[in-house]
Amino acid sequence: MMNNIVITDLRVVRGGREVLPGISLEVGAGVTGLLGPSGCGKSTLMRAVVGVQQVRSGSVEVLGRPAGSKPLRDRVGYVTQAASVYDDLSVAENLRFFARVLGVAAIDEAIDRAVAAVDLDSHRDQVVGSLRGGQRSRASLAVALLGDPDVLVLDEPTVGLDPVLRRDLWALFHRLADAGRVVLVSSHVMDEAERCDRLLLMREGRIIANGTPSEIRGDARDIEDAFLRIVEGEAVS
Amino acid sequence: MRTLAVAGRVLTQIRRDHRTLAMLLVLPCLLITLLWWMFADLPGAAFDRFGPGLLALFPFIVMFLVTSVTTLRERSSGTLERLLSMPLGKLDFLLGYAVAFGAIAAVQSALAVAVSVGLLGLDVNGPVWLLGVVAIVDAVLGTALGLFVSAFAATEFQAVQFMPLVVVPQILLCGLFVARDSLPRVLEVISGVLPLSYAVDAMQELVGTADEAVVWGDVGVVLGFALAGLALGAATLRRRTE
């Protein structure tokens, strides 16, 4: 399996605080879940993969190139935690604008596909500001799907969504991954762990476990239980 | 191409916001009428003296405010971060805003000039369209400075506070209240390095002796400041942030 995201000794300092004290990891094709409590450094790590985070030292390579470098800018789709769309434009207008920025060739088809993928067909001409929270974050997700990117970096895309919708979105992530894409999804909800092909458990800026859900679970009850065992095991040793 | 995408998007946003659009277009006309009314009972051509200056002030102040608040919104909503992770040049972003607000300024000043010259009897000796050119360059200047200061504001509240800092001294020293050559020497020198002074000079020249070469010289200075402002604005746009 080719490793599409390679992080080596990444150190990030924000406001005098070491958020990532030097982590190394590799992410391949498939759906990889980045799980950990709020404030553990998930977003910072994802920002570093997209190339919008100032890093102190270490390297982040995506598809064999430095993160954030020019050739990657239309190959990496990114969804920030806040819905990064324009509230005063409709869903379709938002998508049209971002498609033009991405230089998408067949804009209308790309918009249709993105809207259908996040199930917003019935709201496509509605102004984003009048959508409910979950619909807004789906509009933001649709923007990330526009350019048919090879790598998707999704920061908590399913937070607060209805269970049915969450299931549909995870199915979408797997469809995207089955076509060979890298899908990196963060969540602070441990029960989403079982839906991932691989897991990265994160705590206080460090990766404390890296493997398939069943490997990490071992004989623990669930991933949350496994997480606790790892943390408590560390405290003992 | 991407510049036009940004400009088109900004214009769509403003078109959607009817109240802002109405304020942008109607308010300058009302204020210039108010100024004319103030001088209505006084002898002499006082309106001819202050009117042109006001025509230069509107596009500058309005675009400064609108731009600093909208770009701050882009920074805090995450849309700027998303755009800078995409294949969008910083100049595409800045020029997109400049084009959009320049276009609005063109309509805004066309209306204000039409009211001033057509209804209120402002005497313009130079070509009337040149008033529009000055207003557009002036608006681009306001946009450029607004983009620049938005980098130093953490909230919209702070962004608005930049107006007394950046705009008011320029209004005081631009020659509208006291002719620039009658200012104390130090203030005269300061007035000479503030861009708004040249925009007001250009407007007054058009109403006065109307030497087109002088007007174009002033326009060139304002445009130079605007381009420098855009360059500074580009320097504050970082793809990587803390």
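The values are calculated or read from the model by the stated rules, or taken from the named source; none is laboratory data. Because the structure is predicted, anything quoted here is derived from the model rather than measured. Cβ sites come from the backbone with ideal geometry, for glycine too, and all protein chains shown count toward neighbours.
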### Message
So, in segment B:81-126, how many residues would count as being more than 14 Å from chain A (Cβ to nearest Cβ), assigned to a helix (DSSP H, G or I) and not aliphatic (A, V, I, L, M)?
### Response
6
#### Entry: Elements of type helices (runs of 4 or more DSSP H) contained in segment A:46-154, each with 1 or more residues being crowded, with 22+ Cβ neighbours inside 10 Å and away from chain B (no Cβ under 14 Å)
A:107-117, A:133-145
### One residue from B:E212, B:E156, B:E188 being without any contact (Cβ under 8 Å) to a residue 40 or more places away in the chain, surrounded by fewer than 22 Cβ atoms within 10 Å (Cβ to Cβ) and among the acidic types (D, E)
B:E188
### Scan of segment B:29-51 for residues that are at pLDDT 90 or above and crowded, with 21+ Cβ neighbours inside 10 Å, ordered by number
B:I32
#### Entry: Flag if B:F148 is in a loop (DSSP other than H, G, I, E, B) and touching a helix residue (DSSP H, G or I) at 6+ places or on another chain (Cβ under 9 Å)
no
